[in-house]
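Laboratory data are not the source of any read-out in this text; all were calculated from the coordinates shown. Computed from a prediction, not measured in an experiment: that's the story for all the values here. In this analysis, Cβ positions are derived from the backbone assuming ideal geometry, glycine residues included, and neighbour counts consider all displayed protein chains.
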Amino acid sequence: MTRVYDIFKDSCARFADRPFIHIPALSAAAYHDGAVDYTYAEVDAEITKLLGYYGKAGYGTGHRVGVLLENRAAFFFHWLALNALGVSIVPLNGEFSRDEMSYVISHSETDLVITLADKKDHVLSSLETAIPVITPGDMATVSGPKKPKSDEQISKDTECAILYTSGSTGQPKGCILSNEYFTYFGEWYRDVGGYCTLREGQERLLTPLPLVHMNALGCSTMAMMITGGCIIQLDRFHPRTWWQLVRETGATALHYLGVLPAILLNLPESDQDRDHKVRFGFGAGVNPKHHAKFEDRFGFPLIEAWAMTESGAGGCIIAHEEPRHVGTCCFGKVSDQVEIKLIDEAGKQVAEGAPGELLVRATGDDPQRGFFRHYFKNDAATAETWKDNWLHTGDVVRRGEDGSLFFVDRRKNVIRRSGENISALEVETVLSLNPAIDKLAVAPAYDEIRGDEVMACIVLKDGRSATEQLAREIFDSSCDQLAYYKTPGYIAFISALPLTASQKLKRGEMKALCADLIKKGQVYDLRSFKKRTKPKEMS
């Protein structure tokens, strides 16, 4: 099937009266609405109405429409209607600042924006060039694009969406994603099997993740669409009502990010902890110390996977079968559809068992099958990412004796102290267990003797005071879990971390921030406390 819309229509023909979209009451309340349920046939009727409006206005291949509809059912209606016409969508984050909104709309050359009414003024104020901005209630009067549609015939290679990835430095890059990118996601998830086996027409997948990102738009949506399942789309993650939602919605699977299990484990234990129908969770980044605890308490496996917007399902690797090596940052073994290499900084393959940057591509004649194709208007970044027909991920990974892959860190997050490579993520994972810490980031600080020193920038929880005593307590607790050279030589208490619009850490700004804090004397210097453990006598 060529289009995302074709997959929907096929499932609609087979599962017309089965539920496709469910917005539970607790999430719908955030939209000042009641619970929302749509069958495949009802969604098809909504799409048909929108097809009439967009088609009459002249939208087609070569056009892009910005979509700011949060995680509401209307997002799915507009996306599928536009996809049927060959129109690409540009998902817009409602949390964007004016400048961020302006950049994405302008850079993507968006022809029209469909937005929530309460965001319309914000969108209008961000426009550099006048384009139509409408709300879902304005569709009967939607105006046409300034340029005619192209003569391109809709195919698997037709652009389906541009997703802007929040880089750690500079402006975000627009990933061009084709129809095949999305249809392949559905096919991959349908066929992966193991713990993630999907039962046709039976699954109810719950996700709190935003539709402006790949996981919800490409992965969970396509998985349910191709198998006749139901998407339970939350407005966001609500810890206190999470298990209530899981039970009330009859969820059989859920998607998560690493922070979710950590928060849920902090909830009081209940005799209802296993009172649910969930068979598996699908995600990435669970704290190794939390992985087994979560599974033991709540009674289902957290299936760790590796992917990125650029890789799509074409390069996805998943620990969906045993051995999963729970609690080790393992994300599975390479399938027959994926090739990998692990390389050092010189581009040479690393020794077996050694960490190296993960390079991925699809097997066969098309190494980009299922992947993003290129960054919009950024040939240099595309060439760097797709160097030698390998997707360079920037993730440092090692391969175990049984072929399992283990995440180590982002390459640029590796701190090199006195010849030792230290994972910033590893240090962050240990420090994050301290109850005084709300948020933190670990980064390299310049040291004229050791090259780099480990520095922790910490945002404290409300009610905690930044004192030298607390800094020492945090340092001392880390000594029990880290080799001496990995412990923080500097600790700084700050009010906020530098974050992107999607709340990702701007790693690229951390080194400069560390240098500035040290220069201003706004750090606690703990380097003198970092000492080797004296060797014990042999007994």
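Between SER106 and ASP402, residue separation times 0.36 nm minus the direct Cα-Cα distance comes to 101.7 nm. The dipole here belongs to segment 443-539: it is taken about the Cα centre, uses +1 on the Cβ of Lys and Arg and -1 on the Cβ of Asp and Glu, and is about 180 debye. For segment 418-529, averaging the sequence separation of C-alpha pairs within contact (under 8 Å, six or more residues apart) and dividing by the residue count gives a relative contact order of 27 percent.
Over segment 368-451, Cα pairs under 8 Å with separation of 6+ residues give a relative contact order of 17 percent. Taking Cα atoms only, the orientation of helix 40-57 departs from the longest principal axis of the chain by about 70 degrees. Computed from Cα atoms, the angle from the helix 73-84 axis to the main principal axis of the chain rounds to 70 degrees. Within the same chain, aspartates and glutamates fewer than 8 places from LYS439 are excluded, and of the rest, those with a Cα less than 19 Å from its Cα are ASP409, GLU426, GLU428, ASP462, GLU468, GLU473, ASP476, GLU509. Against the chain, whose longest principal axis comes from its Cα atoms, helix 507-519 is set at around 40 degrees. Going from the fewest other Cβ atoms within 10 Å to the most, the residues TYR181, TYR164 appear in the order TYR164, TYR181. Remark: for residue pairs LYS333/LYS387; LYS119/LYS156; LYS9/LYS119; LYS289/LYS333; LYS348/LYS412, the C-alpha separation exceeds 27 Å in LYS119/LYS156; LYS9/LYS119. Taking the number of Cβ atoms within 10 Å of each Cβ as an exposure proxy, the fewest-first ranking of ASP99, ASP447 is ASP99, ASP447.
Pairs of Cα atoms nearer than 8 Å and 6+ residues apart set the relative contact order; for the chain it is 10 percent.
Cross-link reach is defined here as a Cα-Cα straight distance under 13 Å, omitting same-chain residues fewer than 8 places apart; for LYS519 the aspartates and glutamates meeting it are ASP447.
Taking R0 as 22 Å, what's the FRET efficiency between ARG247 and ARG199 from their Cβ-Cβ distance, rounded to 0.05? The computed FRET efficiency comes out at 0.65.
DSSP beta bridges fully contained in the chain are about 60 percent antiparallel.
Averaging Cα coordinates gives a centre for segment 429-502 and one for segment 244-277; these two points are 30 Å apart.
Here the spin labels are modelled as points 7 Å beyond Cα on the Cα-Cβ line, and at ALA515 and ASP121 they lie 4.2 nm apart.
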